[in-house]
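S.K.: Here it is, the structure in full.
Any read-out appearing in this document is the output of simple, stated calculations on the displayed coordinates, not a laboratory observation. Quick caveat, the model's predicted, so the values are computed rather than measured. Backbone-built Cβ (ideal geometry, glycine too); neighbour counts: all protein chains shown.
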Ligand SMILES: Cc1cc2nc3c(=O)[nH]c(=O)nc-3n(C[C@H](O)[C@H](O)[C@H](O)COP(=O)(O)O)c2cc1C
């Protein structure tokens with residue numbers, strides 16, 4: 001085992017970044033009433049009874065002393081259209097609260113307007129943890145609102161909402177199809193009834209896809225949209241999800257090993273291209289989303 005003091009902090013920070021999170025702004029008041037706040041993705045729910053949460057704050061943050069001494073603080077979970085708010089509170093601007101909409105809440109804590117959820121806490125415990133302080137808050141009030149979250153992954157923001165909108169728009173259009181690239185035992189699940197193709201849903205909805213695979217004894221776990229494109233040959237949209245699948249292989253299916261994906265003779269050229277991209281993404285260890293038409297389009301790194 002490596003001695004912890006020999007670990008490369010930059011590489012460690014990057015590895016931590018592989019954990020996709022939401023984004024919060026943590027707020028409080030100085031003793032003179034001035035509001036203070038910083039952006040944090042280290043938020044964790046801790047306990048329901050008693051109701052506790054935590055946030056880790058760098059000791060180097062300008063607001064560290066203020067938070068360490070404050071009797072209360074609030075956590076605001078940002079929505080997908082609050083990237084600018086995240087950027088503002090991650091900056092060292094002296095007047096962060098002059099540049100965003102907020103409202104005083106319980107215990108006079110500043111609550112960010114438009115947040116998906118807010119938690120107002122009493123400072124329950126302060127833990128000294130290396131170069132960070134762990135602020136453990138005991139929740140006294142909370143509120144939630146409708147909306148999609150702002151995501152953060154490998155140093156980039158991402159939006160969960162866009163993928164869902166794409167998939168829903170596709171499902172509503174005639175001639176649409178919905179399929180999946182499902183990883184299984186070091187390969188990808190393909191339907192093989194004389195012609196090779198990716199598994200497709202009987203109806204173009206995610207529920208229909210998972211129900212049909214489950215009915216055949218497979219256990220799919222879908223994680224994100226992998227491709228959404230207009231298919232001019234059918235006049236509809238095509239949406240393919242990415243995920244994994246377990247279970248006994250039913251008749252008419254096979255697992256194509258990763259090494260054979262790029263040269264697989266799939267009946268549908270768009271699916272063949274998708275598998276080439278999948279093999280490449282797998283090698284790079286980072287996945288992308290494709291959108292465009294069945295022949296030309298753009299890929300966007302997941303998280304970019
Ligand atoms: C998405 C994102 C997440 C962050 N998460 C944390 C965090 O969990 N803890 C922390 O101390 N800083 C975090 N930061 C950095 C602080 O927001 C930044 O250092 C800020 O300047 C601190 O404000 P202050 O110096 O005015 O206190 C994050 C920044 C971003 C953009």
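S.K.: Give me the distance in nm between label points sitting 7 Å out from Cα along the Cα-to-Cβ direction at residue 254 and residue 207, one decimal.
M.R.: So the label points at residue 254 and residue 207 sit 3.5 nm apart.
S.K.: A follow-up question, please. Which of the peptides 189-197, 5-13, 206-214 is most tightly packed, and how do the rest follow, going by the mean number of other Cβ atoms within 10 Å of each residue?
M.R.: 206-214, 189-197, 5-13
S.K.: Would you please classify the overall shape of the stretch 17-96 from the alpha carbon gyration tensor, given that a ≥ b ≥ c denote the square roots of the eigenvalues, rounded means a/c under 1.5, and beyond that prolate means a/b larger than b/c while oblate covers the rest? Let's see the in-between values first.
M.R.: Working: a/c = 1.68, a/b = 1.09, b/c = 1.54.
Oblate, because a/c is 1.5 or more while a/b does not exceed b/c.
S.K.: Sticking with this structure for a sec: Output the peptides 88-100, 130-142 sorted from most to least packed, where packing is the average of other Cβ atoms within 10 Å over each peptide's residues.
M.R.: Values: 88-100: 14.4, 130-142: 16.7.
So the peptides 88-100, 130-142, ranked by packing, come out 130-142, 88-100.
S.K.: Right, another one. Hey, rough spin-label estimate for residue 108 and residue 47, points 7 angstrom out along Cα→Cβ, what's it come to in nanometres?
M.R.: Output for this residue pair reads 2.9 nm.
S.K.: Please give the FRET efficiency for residue 127 paired with residue 223, using the beta carbon to beta carbon distance and R0 = 51 Å, rounded to the nearest 0.05. Intermediate results must be reported in sequence, preceding the final value.
M.R.: Values: r = 33 Å, r/R0 = 0.65.
E between residue 127 and residue 223, to the nearest 0.05, is 0.95.
S.K.: Also, I was wondering about something else. Over the alpha carbons of the chain, what is the largest minus smallest coordinate on each principal axis, giving the biggest first in Å?
M.R.: Projected onto the principal axes, the Cα atoms of the chain cover 75, 50, 38 Å.
S.K.: Once fully extended, how much extra length lies between residue 273 and residue 90, figured as 0.36 nm per residue of separation less the alpha-carbon to alpha-carbon distance?
M.R.: Residue separation times 0.36 nm, minus the Cα-Cα distance, leaves 61.9 nm.
S.K.: For the pair residue 244 and residue 99, how long in nm is the line joining their label points, each one 7 Å along Cα→Cβ?
M.R.: So the label points at residue 244 and residue 99 sit 4.1 nm apart.
S.K.: Turning to a different aspect of this structure: How long is the gain from residue 32 to residue 16 if the chain were fully straight, where each residue apart is worth 0.36 nm and the alpha carbon distance is subtracted?
M.R.: Length gained, residue 32 through residue 16: 2.1 nm.
S.K.: Using 0.36 nm times the number of residues separating residue 283 and residue 142, minus their current alpha carbon distance, what extension gain do you get? Could you put the intermediate results ahead of the total?
M.R.: Numbers: separation 141, 0.36 × 141 = 50.76 nm, distance 4.35 nm.
So the extension gain works out to 46.4 nm.
S.K.: With a Förster radius of 30 Å, plug the Cβ-Cβ distance of residue 64 and residue 3 into 1/(1 + (r/R0)^6) and report the FRET value to the nearest 0.05. Before the final figure, lay out the partial values.
M.R.: Values: r = 28 Å, r/R0 = 0.94.
About 0.60, to the nearest 0.05.
S.K.: Calculate how large, on average over all directions, the projected area of the Cα convex hull of the stretch 162-301 is; give the answer in nm² to one decimal. Mind showing how you got there, number by number?
M.R.: Details: hull surface 30.5 nm².
Seen from a random direction, the Cα hull of the stretch 162-301 projects 7.6 nm² on average.
S.K.: Over the stretch 4-153, how many percent of alpha carbon pairs lie in each 5 Å bin up to the one with the longest distance?
M.R.: Calculated over all Cα pairs of the stretch 4-153, the distribution is 2, 9, 19, 23, 22, 14, 7, 3, 1, 0 percent.
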